[in-house]
1. Restricting to DSSP H runs of at least four residues, report the calculated mean residue ellipticity at 222 nm for the chain, -39500 (n - 2.57) per run over all residues, nearest 500 deg cm²/dmol.
2. Can you tell me the length gained on complete extension of the stretch Tyr15 to Glu35, counting 0.36 nm per residue apart and subtracting the Cα distance?
3. Starting from 0.36 nm per residue, how many nanometres of slack lie between Thr47 and Phe24 once their C-alpha separation is accounted for?
4. Calculate the translational D of the chain in whole µm² s⁻¹ from Stokes-Einstein, where the hydrodynamic radius comes from the Kirkwood formula applied to all Cα pairs, the temperature is 25 °C and the viscosity 0.890 mPa s.
5. Report for the chain the percent antiparallel among DSSP-assigned beta bridges with both residues inside it, nearest 5.
6. Based on Cβ point charges of +1 for Lys and Arg and -1 for Asp and Glu, what charge dipole magnitude is obtained for the chain about its Cα centre, in debye rounded to the nearest 20?
7. With just the Cα atoms defining each centre, how far is the range 25-41 from the range 53-70? Give it in Å.
8. Note down the relative contact order for the chain as a percent, whole number, built from C-alpha pairs under 8 angstrom at least six residues apart.
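Bear in mind these aren't lab numbers, they're just calculated from the coordinates by the rules spelled out. Given the structure is predicted, the values throughout are model-derived calculations rather than measurements. Ideal geometry is used to build each Cβ from the backbone, glycine not excepted, and the neighbour counts take in all protein chains shown.
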Amino acid sequence: MLTFIDDYSRNVWLYFLKHKYDVFDQFEKFKALIEKQLDEQIKCLRTNNGMEFFSTYFIEFCEKEGIVRQCTVPKTPQ
């Protein structure tokens, strides 16, 4: 399960994934949805320390798009 939460509006988007490696593809689709439907840009992405968020493709994509990445502190579920 992949969850995106907007810190400002608290809107939640929930996606069910079969495999962890599908996270990058789903994030690309989510980013396109936000940009086209809401006419907004993703400026910051806060993730847990899961390895699915640290692939080379994911890091390079965020750098190319100007998305600041923040990681949560390990073992803090809040």
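1. On the way: 2 runs with 25 residues, N = 78.
Computed mean residue ellipticity for the chain: -10000 deg cm²/dmol.
2. Working: separation 20, 0.36 × 20 = 7.20 nm, distance 1.78 nm.
Value of the extension gain: 5.4 nm.
3. Values: separation 23, 0.36 × 23 = 8.28 nm, distance 1.25 nm.
Here the answer is 7.0 nm.
4. Numbers: Rh = 13.3 Å.
Answer, rounded: 184 µm²/s.
5. Values: 4 of 8 bridges.
Here the share of antiparallel DSSP bridges comes out near 50 percent.
6. Numbers: 11 positive and 12 negative charges, 58 e Å.
Using Cβ point charges on Lys, Arg, Asp and Glu, the chain gives about 280 debye.
7. What the calculation gives is 15 Å, centre to centre.
8. Details: 68 pairs, mean separation 18.1, N = 78.
It rounds to 23 percent for the chain.
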